[in-house]
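Asks: Could you have a look at this structure, given as structure tokens, before my questions?
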Amino acid sequence: MAPLPMQIEKSQVHISQIHVPLTIVDTSGVLDLIQQWREQDKAEQEAKLGYAPHAGGRPSIITDRAAIALMLAIGVGASPLLVSRATELVTERITEKAWEALGLPTHEFKKRFNQREIRMWYHRIWRAIGRVLDVVDPYPETSYYKRMEKSEYAQIVANRDPALIEKREARAHILMNKLVWASVEHFGEDRLADWKGDLTIDGTPMKITRYGRADRSTREPSDPDTGWHVREKEDNHAGPTSLPGKGAFSHEEKKSNKRFQYTWAHELTLSAMWGGGFGEGKYPSLVTGVAFDKPSTRVAENGIRSIDHLIENPDIPRGTVVTDRAYYPNAKPEKWGIPLREAGYQLLGDFKTGTNGGYYGVQGTEGGAVLVDGTWFCPSVLKNKEFLNARELRDRGRDPKNEDGITQERFEEIVEKRAPLALKVKDISKTTGNVRLECPAKGICPSVSCKIAKKIPSKRRDVRKNQKPLFPVLESIVPKGVDRGKISEQGSITVPLWSEKQAGGDKRSVRGCEDSPVDTYARFEQFGPLYGSEEWKKTFGFARNVIETRNAILKGDDGMRLGSTKARLMRGWIKKFFLAAVRVTAMNLRLIQSWISGERDVIDGGGRGPGGPGGRPKKERKKFRQRLADVASGNDPPAKAA
């Protein structure tokens with residue numbers, strides 16, 4: 001007996017499900033930008049050719065607005081970002097009102113169900129997405145229809161115009177970040193007003209194919225404009241240009257599966273908001289910007305690129321930027337610390353372990369002040385070796401074979417004991433990044449008592465009501481003569497963000513910028529909680545958890561599925577970047593919708609949305625991510641019958 005045919009129903013997409021994607025496109029300003037760039041390119045082409053090229057062809061059925069909104073609609077539905085899914089939405093699931101809202105031809109609505117029309121709509125959507133991305137594609141000469149021979153690709157690369165690549169990459173980042181930021185603004189000005197400008201930034205690999213460029217192959221991978229990402233125990237970094245053959249790995253490397261630590265991928269850099277209630281239970285933490293590049297090639301530059309649109313907006317508050325060690329303190333200060341400080345941000349991060357890159361002990365001196373573990377201290381710390389080397393001793397103590405180290409508990413005791421000697425921040429310039437520091441024995445709330453400081457005249461007096469005994473700084477433990485510096489003579493100093501390199505003879509030292517064009521302390525300086533303190537651990541750990549959970553939601557199969565290569569089959573740098581930006585934008589919209597529905601963020605155990613029930617234990621975070629994937633699942637068709 002032959003099996004009976006079965007009708008599989010697919011849920012309809014109503015205007016309410018199209019309205020938000022259209023709102024994001026309209027409020028982001030990307031449509032005006034795309035048109036502006038088209039006109040610029042046309043004018044440049046006309047000047048180059050000497051005549052106006054005729055575009056030709058019939059008017060587009062699917063506009064730029066409709067093309068972007070369609071991809072956002074299936075992105076919010078957590079469906080695979082495939083043109084076939086967008087075609088299915090248009091030809092089988094959309095209601096007439098939603099059709100009209102997208103601006104599609106009215107007369108086409110009732111004649112879109114046969115196979116010929118479905119194929120036609122597929123190509124219309126594909127061409128519409130291509131038109132949007134043509135003005136921001138840095139590699140328009142590259143074909144992705146088949147794998148090229150290495151010699152063929154090398155010739156294409158040699159003929160590329162670096163100026164065009166730079167211009168188009170800048171355009172692409174502007175376009176994608178406008179979409180992402182529009183989804184943040186969708187949360188509402190009244191709620192965003194609570195945000196203090198705190199950010200956390202990190203990069204994550206976005207796998208492209210299971211194979212990449214390899215010595216044993218004569219062909220390039222299908223997506224050649226990226227590189228190898230290497231994941232190791234202590235570090236993630238860029239791999240070789242071409243992966244060696246199996247015989248190039250040693251026996252030990254094969255045994256440790258070193259070959260499988262390599263991934264042919266792009267690197268997606270995310271910046272996310274935290275603090276002021278965001279991610280702390282009151283509001284969900286939203287992604288504020290993105291950047292896209294080869295893995296670990298321009299880490300600091302991409303971090304800055306992900307927040308360029310925030311830096312350029314004077315109405316956006318400036319807070320603290322928390323990152324992993326790839327940015328602070330490893331990035332060159334002229335590429336990371338200096339531009340962020342000049343923009344009004346402060347840095348907070350951890351240090352590497354080990355003598356190579358650990359930057360133990362004194363990290364710099366200025367006017368008698370001593371920089372240790374990112375904090376400026378009174379000159380008296382120089383007399384206490386334990387104060388100077390606490391972090392190094394702690395790191396030694398983590399090795400059971402090392403007997404001259406200290407425990408974590410002892411390290412925390414030292415951090416608490418030396419805290420009163422930290423200089424107080426009087427002012428940080430939001431334009432130059434220069435910092436005015438004050439002696440801990442001066443001001444209205446001193447933390448130490450010092451006879452040297454009492455000799456410095458000051459109009460500011462101790463105003464504490466119940467004055468407790470202060471930490472005593474004996475004159476005998478303060479360096480004598482010029483080593484005391486200006487901080488011991490005038491009670492306060494200004495530490496410049498950067499200065500021209502100077503020859504010896506000045507009582508001033510700077511570490512970590514030997515290969516930088518200027519002298520700067522921006523590689524190490526932190527002006528938030530003291531490094532190693534309980535408050536520092538809480539702040540740093542929370543902010544890092546924020547960005548890691550954004551990555552988990554974005555890439556996980558129980559979240560937005562960006563990590564699945566089968567859910568984003570378009571090839572090419574610009575198309576992958578576009579799909580990543582669509583997923584990030586959709587994730588923000590889903591987090592907002594989840595908050596409205598009463599679900600709290602997955603970072604912590606506090607807070608809920610306006611209509612939500614009480615708290616939920618942390619062990620249910622995975623269940624939350626699954627429910628997050630189900631918020632708009634009415635947009636997705638049921639699974640097809642086997």
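Asks: Beyond 30 Å between alpha-carbons counts as too far, so tell me which of Lys110/Lys555; Lys417/Lys538; Lys426/Lys537 fall in that bin.
Replies: Lys110/Lys555
Asks: Leaving out ligands, DNA and RNA, what percent of the accessible area of the range 20-92 is carbon and sulfur, probe 1.4 Å?
Replies: Exposed carbon and sulfur together represent 51 percent of the surface.
Asks: Give the shape of the range 311-390 as rounded, prolate or oblate, defined through the alpha-carbon gyration tensor: a ≥ b ≥ c are the square roots of its eigenvalues, a/c under 1.5 means rounded, and otherwise the shape is prolate if a/b is larger than b/c and oblate if not. Show your work: numbers first, answer last.
Replies: Numbers: a/c = 2.71, a/b = 1.70, b/c = 1.60.
Prolate.
Asks: In angstroms, what radius of gyration and Dmax does the range 256-386 have, counting Cα atoms only?
Replies: 17.9, 52
Asks: I would also like to ask the following. Using a 1.4 angstrom probe, figure out how much accessible area the range 1-136 has per residue, in square angstrom, rounded to the nearest whole. Could you put the intermediate results ahead of the total?
Replies: Working: 7550 Å² over 136 residues.
About 56 Å² of surface per residue is accessible.
Asks: Where does the range 27-85 land on Rg/Rh, using Cα atoms and the Kirkwood Rh? Mind showing how you got there, number by number?
Replies: Numbers: Rg = 15.8 Å, Rh = 14.1 Å.
My calculation of the ratio gives 1.12.
Asks: What's the whole-number percent of alpha carbon pairs in the range 1-129 lying beyond 22 angstrom?
Replies: Numbers: 3708 of 8256 pairs.
Counting every Cα pair in the range 1-129, those more than 22 Å apart make up 45 percent.
Asks: Please report, to two decimal places, log10 I(q)/I(0) for the range 104-196 at q = 0.11, 0.16, 0.21, 0.26 Å⁻¹ as given by the Debye formula with identical point scatterers on the Cα atoms and no solvent.
Replies: -0.64, -0.91, -1.05, -1.25
Asks: Taking all protein chains as present, what is the carbon and sulfur share of the accessible area of the range 151-221, in % to the nearest whole number, probe 1.4 Å?
Replies: On the range 151-221, the fraction of accessible area on carbon and sulfur atoms equals 48 percent.
Asks: In terms of the Cα gyration tensor, with a ≥ b ≥ c the square roots of its eigenvalues, is the range 506-558 rounded because a/c is under 1.5, prolate because a/b exceeds b/c, or oblate?
Replies: The shape class here is oblate.
The values are calculated or read from the model by the stated rules, or taken from the named source; none is laboratory data. All values reported here derive from a predicted model rather than from experimental measurement. These area figures cover heavy atoms from the full protein model, side chains too; ligands, DNA and RNA do not enter into them. Shrake-Rupley method; radii C 1.70, N 1.55, O 1.52, S 1.80 Å.
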